[in-house]
Amino acid sequence: INLCSLFQMNFISINTLLNLAAVLMLGRTSLGVNGSRSGYKPLEESPRMMTGAVQAAAIEPSSMSDTEIKRVLRHHAINNLVTLSGSDSSPEFEEIIANWSCNMRRVGICPLIWSLDLSTHIKLSKGLLGNFHISSIYSDRLLQQQSETVQAKFAESTNSFKESGSKGYMSAVAFKPFVMREVIKLGFDLLWIDVDIGLTRDPRRWFWARPDQSIQVSLNYPAGQVNSGIVFARHSYGAAQLVDEWAQMMAAHDCTGWGCGDQEMLSKLLVKQCKTVTEGKFTLPRKSNQSHMNNNRNYTLSCNMRATTGEMKRVHLGLLPPKVFASGMADQLWNSTQRLRGGLIAYHANFWLSPEDKLPGSKKSRLQGKVINGLPLWCANLPPKNMLLSGMNEGHCRILEPLDNKI
């Protein structure tokens, strides 16, 4: 590449040239599971990588094609697993996203958000949120796949505070199965981690250690339903069919109350349309059973895909233990057992314990109050160089985009 000729381009700055050189030095590598530089393989040929970096500096972010989306997913995939979340960006969630990104980076995962609206995609693409680079994906067709009621309520509440259980909140969470379906369709395993979750260590090892389970999901302790804050789905026929059925159910409903939430609909799908191949009727574990779980509860299900094929499909389901993946009101477990301090991987600030918890800032205050194994779950305001534990540098997450001097 002739760097001299690049000086003549109006949109290339000295800083960008230095960043492009950094991209070349990083070369044709991708991040290993532990942030090590072993086991790398090419993502793209270097000239194309450079072209992508130049274009990213000059082109205003917009809705992405499948080809563009797949390129970003391929960059972030480790052992074919993409870890991501989805969100818009109200003032409260700008902070929540920033905190989520540092939790991800702290355990060795490059942050990736599927932006629910163009404004959020632009903020993330331009590096306007948080202390770390956060990659973004955006496709306007996902909103078009929703019911008319969801589309209207989401348009009314985009990038504004959404009280848990409100119509705006429910319209936002309705996107989850659609995002998951897109990622699986493009050939990847997926780990969804809600943006209001704090991590104490890399969760991917837990899911990789259970290759027989095509889908794994957290529980909404103590209720007898799942919590979709953490969902792992393999690029397998059973998982793809289940997620597609889930998305179709979400698209078909015409309400935005609690009964129509994404995790309520997934729970309904599992209980009403699935049965175990050995015992018949399938039920989700109740409080007493959940509190004693130290490992996944495994099921082989046969599910009627009513909304899609109308056929029975086999799904291998794993339910995550609330002692390790704390969701719902699992604070009760967290406060009552010392074993959880060593074993906790993820803490989900999703459930209100008092009326104040429904107000703006409540998720932040709940995460700020948790320090586990010496790690504060609220790290958005900590100096980046003081909290990186994974050995990753900023370049690991920016091979496809121009670097900057933010860190």
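What the table below lists for this structure:
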{"quantity": "Answer residue from segment 241-272, given it is surrounded by fewer than 20 Cβ atoms within 10 Å (Cβ to Cβ) and without any contact (Cβ under 8 Å) to a residue 60 or more places away in the chain and is farthest from Met305 (Cα to Cα) among those", "calculated": "Gly259"}
{"quantity": "Test: residue in segment 288-305 that is part of a helix (DSSP H, G or I), surrounded by fewer than 17 Cβ atoms within 10 Å (Cβ to Cβ), touching a Lys or Arg at 6+ places or on another chain (Cβ under 9 Å) and at pLDDT 80 or above", "calculated": "yes"}
{"quantity": "Residue within segment 129-146 that is in contact with a Cys (Cβ under 8 Å, 6 or more places away or on another chain) and open to solvent by 40 Å² or more (accessible area, probe 1.4 Å) present", "calculated": "yes"}
{"quantity": "Qualifying helices (runs of 4 or more DSSP H) (wholly inside segment 167-230; at least 3 residues being within 26 Å of Pro285 (Cβ to Cβ) and either open to solvent by less than 10 Å² (accessible area, probe 1.4 Å) or touching a residue at least 40 places away in the same chain (Cβ under 8 Å) (or both))", "calculated": "176-185, 204-208"}
{"quantity": "Selection within segment 306-326 - touching a Lys or Arg at 6+ places or on another chain (Cβ under 8 Å) and hydrophobic (A, V, I, L, M, F, W, C)", "calculated": "Leu319"}
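Matching residues to (1) open to solvent by 30 Å² or more (accessible area, probe 1.4 Å); (2) at pLDDT 95 or above:
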site	(1), (2)
Thr51	yes, no
Gln55	yes, no
Ile69	no, yes
Leu73	no, yes
Leu81	no, yes
Gly86	no, yes
Ser89	no, no
Arg106	no, no
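The values are calculated or read from the model by the stated rules, or taken from the named source; none is laboratory data. From a predicted model like this one, the values you see are computed outputs, not experimental measurements. Ideal geometry is used to build each Cβ from the backbone, glycine not excepted, and the neighbour counts take in all protein chains shown. Heavy atoms of the whole protein, side chains included, go into the accessibility calculation; ligands, DNA and RNA do not. Shrake-Rupley method; radii C 1.70, N 1.55, O 1.52, S 1.80 Å.
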